[in-house]
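Beneath this line is the structure, given in structure tokens, with notes to follow.
The values are calculated or read from the model by the stated rules, or taken from the named source; none is laboratory data. Worth saying up front: this structure is predicted, and the values here are computed from it rather than measured. We place every Cβ from the backbone using ideal geometry, glycine too, and count neighbours over all the protein chains shown. For the accessible areas, the whole protein counts, side chains as well, though only heavy atoms, and no ligand, DNA or RNA atoms are used. Shrake-Rupley method; radii C 1.70, N 1.55, O 1.52, S 1.80 Å.
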Amino acid sequence: MSEPFEILPLDDRNDGRGHAFFFDPDTLVWLGPIAEIHVVGITPGKVRGNHRHRDRREIVFLRHDGAVEIAWQAPGGVLGRERREGPGGFLVRIEPLTLHAFKNAGTGAVEVVSLSNGHFDRTETEYHVILE
């Protein structure tokens, strides 16, 4: 098993037309077959996540113009926290049973693309507040 929560920096390959971020091939192999993709935004001051999935892996891509707070906790582990100041983008690989949450801690946009190897199901998702 890989790390339960891995943050992978991404270079912005902006060529003057706008942001351009590319996933590394190893991350897509790590995930396996993609069963679900969703795209959301996080309004300034709001949080997405505060949950864990029992059975599925997830890749989360965040692109941010301002500050982003990240929190995670592997089963039996200590609570991890990190803050990123924008603009930028990064990937997160999340193993099953790892709590995770993302907060728009700035005033700019935060956009999220999430890929999973399983479909969302409330019966396999547990909610616990680790970031407010």
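Applying a threshold of 9 Å to beta carbon distances and a minimum spacing of six or more residues, or different chains, the list of pairs starting in the stretch 38-50 at a residue that is farther than 16 Å from His100 by Cα and of a type in the set (Val, Ile, Thr) and ending at one that is open to solvent by 50 Å² or more (accessible area, probe 1.4 Å) and assigned to a strand (DSSP E or B) reads Val39/Glu111.
Consider Val129 carefully, then state whether it is exposed (fewer than 13 other Cβ atoms within 10 Å of the Cβ), over 18 Å from Leu31 (Cβ atoms) and in contact (Cβ under 8 Å) with a residue 60 or more places away in the chain.
Considered against the rule, which asks whether it is exposed (fewer than 13 other Cβ atoms within 10 Å of the Cβ), over 18 Å from Leu31 (Cβ atoms) and in contact (Cβ under 8 Å) with a residue 60 or more places away in the chain, Val129 comes out as yes.
His38 meets each of the listed conditions (1) surrounded by 11 or more Cβ atoms within 10 Å (Cβ to Cβ); (2) in contact with a strand residue (DSSP E or B) (Cβ under 6 Å, 6 or more places away or on another chain) apart from (1). Every listed requirement among (1) open to solvent by less than 90 Å² (accessible area, probe 1.4 Å); (2) closer than 16 Å to Leu131 by Cβ; (3) under 15 Å from the mean Cα position of the chain (by Cα) is met by Phe21 save one, (2). Assessment of the stretch 57-70 against the conditions (crowded, with 17+ Cβ neighbours inside 10 Å and aromatic (Phe, Trp, Tyr)) yields at least one matching residue.
Which residues, counting only those in the stretch 1-18, are touching a helix residue (DSSP H, G or I) at 6+ places or on another chain (Cβ under 8 Å) and open to solvent by 60 Å² or more (accessible area, probe 1.4 Å)? Give the steps one after another, and end with the answer.
Start the filter on the stretch 1-18 by keeping residues that are touching a helix residue (DSSP H, G or I) at 6+ places or on another chain (Cβ under 8 Å), which leaves 2, 8.
Hits for the stretch 1-18: nothing passes.
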